[in-house]
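Note sheet for the following structure.
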Amino acid sequence: MARKPLMAGNWKMNLNHVEAVGLVQKLAWTLQDKRHDPAKSEVVVIPPFTDLRSVQTLIDGDKLELAYGAQDLSPFDGGAYTGDISADMLVKLGCTYVVVGHSERRQYHDEDDNTVNAKTIQAIKKGLVPIVCVGEGLEVRKAAQHVEFTLGHVRGALAELTDEQIGALVIAYEPVWAIGTGEVATPEDAQEVCGAIRDWLRRHHGDATADATRILYGGSVKASNVGAIMAQPDIDGALVGGASLQVDEFAGIARYYD
Ligand code: PEP
C-alpha cells in the first residue's frame with residue numbers, strides 16, 4: 001500500500017493568533033500559486049493551542065487543502081488538570097493530528113515512555129492521529145547506541161496498541177542533536193534509523209502494519225535538503241520546526257517532488 005507523504009510544520013511556541021492567520025493564508029496562496037498537488041503530499045500545520053480556533057476558522061471557512069493539529073494533549077479525559085488540554089477539546093476544534101512525545105516535552109516536562117504511551121493511547125481512543133516523536137541525543141549517537149535507543153522509544157510509545165492502530169499512526173524520528181541546530185542527519189543516517197523502525201514494526205506487528213505506518217524524519221529539514229531525505233525508501237515525510245515558520249521554505253518542503 002502506498003504511503004502518502006506527510007509534511008507537518010510544528011510552530012512550537014511561536015506566533016499569536018493574528019500572525020497564525022497571516023501565515024496560513026500566505027501558505028495556502030503560495031501552494032496554490034505553485035500548483036501544489038495535494039495527492040503528492042499532505043500538508044499539516046501544528047500551531048500553539050491558542051491559535052487553533054483561528055486556524056480552524058480559516059482552513060474550514062476557505063476550504064483550504066491543509067490539515068492541522070496540536071503540539072500536545074492530556075492523557076486524561078478531563079477534570080482537575082490545570083493548564084492541560086484534552087483530546088475532546090482538540091477534536092471539537094477540528095484537529096486531525098496531535099504531536100506526542102516531542103523531545104522538548106521529554107526534556108522540559110519530564111515526559112517518559114509511560115506518559116508518551118498514555119497520550120498516544122488517548123489520542124487514538126478519541127480519533128486523533130498521533131505523530132509520535134522518537135530519537136536519540138548526542139551522547140547516545142556518539143556511543144553508537146542510536147538505533148537501540150530509538151527502538152526503545154518506539155517500543156515504549158506503542159505498548160498495548162493493536163496492529164491496526166499502529167498502522168494508522170505516524171512515527172517521527174527526530175535525532176535531538178539535529179533539532180533546531182542546523183545540524184542535519186545525512187539522508188543515510190536518517191534512513192538507517194527509519195529503516196530499523198520499519199523492520200521492528202515488521203517483526204513485531206506484521207507486514208501490513210509495517211507497510212502502512214508513516215515514518216517521518218525531523219531535524220533541520222529545509223527546502224534544499226528535503227529531496228534527498230525523501231528519496232530514502234523508509235522516509236514518508238518530515239516534521240519541520242524552524243522552516244515551517246517561513247512560508248516559502250515550508251511550501252518548498254511540501255513540494256519536495258519538484
Ligand atoms: C522539531 O521541532 O520537531 C524540529 C524538527 O525542528 P527543526 O526543524 O527546527 O530542527
Inset, instruction - Output the relative contact order of region 1-128, whole-number percent, from Cα pairs under 8 angstrom with separation of 6+ residues. - result: 23
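How far, in nm, would the chain grow between Asp110 and Ala39 when pulled straight, counting 0.36 nm per residue and subtracting the alpha carbon separation?
21.8 nm
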Inset, instruction - Between Thr181 and Gln25, take the C-beta separation as r, use R0 = 25 Å, and let me know the FRET efficiency to the nearest 0.05. - result: 0.25
Legend entry - Two-site label geometry, His204 and Thr96: point separation in nm, points 7 Å out along Cα→Cβ: 2.7
Inset, instruction - Pick out which of Val45, Val24, Val240 has the largest mean-square fluctuation in a Gaussian network model of the chain, springs linking Cα atoms closer than 10 Å. - result: Val24
Inset, instruction - Quick one: what are the phi-derived ³J(HN,Hα) couplings along region 115-122, Karplus 6.51/-1.76/1.60 with θ = phi - 60°, whole Hz, x for glycine and proline? - result: 5, 4, 5, 5, 5, 4, 4, 5
Inset, instruction - Would you calculate the separation in nanometres between label points at Glu148 and Asn14, each defined as 7 Å from the Cα along the Cα-to-beta-carbon direction? - result: 3.6
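Ignoring everything except DSSP H segments at least 4 long, calculate the 222 nm mean residue ellipticity for the chain; use -39,500 (n - 2.57) per segment, divide by total residues, nearest 500.
On the way: 11 runs with 114 residues, N = 258.
When only DSSP H runs of four or more count, the value is -13000 deg cm²/dmol.
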Legend entry - Between region 145-171 and region 222-258, the Cα center-to-center distance that results, in Å: 23
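Given Lys119/Lys142; Lys26/Lys119; Lys92/Lys125; Lys92/Lys119; Lys26/Lys222; Lys4/Lys126, which pairs have Cα atoms separated by over 21 Å?
On the way: Lys119/Lys142 30 Å; Lys26/Lys119 32 Å; Lys92/Lys125 14 Å; Lys92/Lys119 18 Å; Lys26/Lys222 18 Å; Lys4/Lys126 23 Å.
Over 21 Å apart, Cα to Cα: Lys119/Lys142; Lys26/Lys119; Lys4/Lys126.
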Legend entry - the chain: most fluctuating residue of Ile131, Ile59, Ile235 per GNM, C-alpha cutoff 10 Å: Ile59
Legend entry - the chain: most fluctuating residue of Ala67, Ala143, Ala118 per GNM, C-alpha cutoff 10 Å: Ala143
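Each reported figure results from applying straightforward, stated rules to the coordinates on display, with no laboratory input. Please read all numbers here as calculations on a predicted model, not as lab measurements. Neighbour counts run over all protein chains shown; Cβ positions are idealised from the backbone, glycine included.
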